[in-house]
Amino acid sequence: MPRFQLVALDGIQFSNLFALSDAGLAAVGAMRRVVNEYPGVPCRVSLEDAAIGEEVLLLTHTHHDVGSPYRASGPVFVRRGAQQARPAVNEVPDYVTRRRISLRAYDASHMMVAAAVCEGPAVAADLRRLFEDDAIAYVHLHNAGPGCYSCQAVRA
């Protein structure tokens, strides 16, 4: 049975942004927010929903920085001080299971070769099914409703 591991964004690339003023953030296309609902603001570094009252940044991130037509960027939330999540093999955190998820599977040439939309509790089974195809190198998870990038799954 195929095994997978979810990979969160590395928070180091965002940490200096928290020191910017609101005008400085606007100059780089980002904004500061204070969370007012839970769940609802998924951090792409911790793979957790931010708590009510917590400070987050909303910014554009190039999550698929590849030389193919599927190169992509989009909005992500990042919590202040978030530590990069390192889920165990085959672990799917609540951050994912409480949402409808779009799975986008890519080959080694970064071309999309399969896709699926599933409810969060089905993500693990669908990832294992996708990774049964040896042509699939990795899978991107997106929140299907707003369409935002969530995290990446790789073979474990």
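A few comments on the model shown:
- Tensor-based shape of segment 55-136 (alpha-carbon gyration tensor, a/c under 1.5 rounded, otherwise prolate or oblate): oblate
- Take the chain and mark each of the trypsin sites (Lys or Arg not before Pro) that is in a DSSP loop with at most 12 other Cβ atoms within 10 Å; the longest unmarked stretch, sites excluded, is 72-156.
- Our coupling estimate for segment 80-96, obtained by passing each phi through the Karplus curve with A = 6.51, B = -1.76, C = 1.60 and θ = phi - 60°, is 4, x, 5, 9, 4, 5, 9, x, 5, 4, 6, 8, 10, x, 3, 3, 8 Hz, Gly and Pro reported as x.
- Gain on full extension, evaluated as 0.36 nm per residue between ALA26 and ALA137 minus their Cα-Cα distance, stands at 36.4 nm.
- Computed FRET value (nearest 0.05) for GLU119 with GLU55, which takes r as the C-beta separation and R₀ as 30 Å: 0.50
- Secondary-structure-derived ellipticity at 222 nm for the chain, considering helices only, amounts to -3000 deg cm²/dmol, per-run term -39500 (n - 2.57) for DSSP H runs with n ≥ 4.
- Computed magnitude of the charge dipole of the chain (debye, nearest 20; Cβ of K, R +1, Cβ of D, E -1): 60 debye
- With 0.36 nm allotted per residue and the present C-alpha distance subtracted, the ALA19-ASP65 stretch has 14.0 nm of extension available.
- Amide hydrogen neighbours beyond the local backbone of GLY11, cut-off 5 Å, H modeled: GLN84
- Highest GNM mean-square fluctuation among PRO69, PRO87, PRO42, for the chain modelled with Cα contacts below 10 Å: PRO69.
- Longest segment of the chain lacking GluC sites (Glu not before Pro) that sit in a DSSP loop with at most 12 other Cβ atoms within 10 Å: 38-131
Just so you know, all these numbers are worked out from the coordinates, no wet-lab data involved. Owing to the predicted nature of the structure, the values given are computational and were not obtained by experimental measurement. Counting neighbours? That spans all protein chains shown, and the Cβs are built from the backbone with ideal geometry, glycine included.
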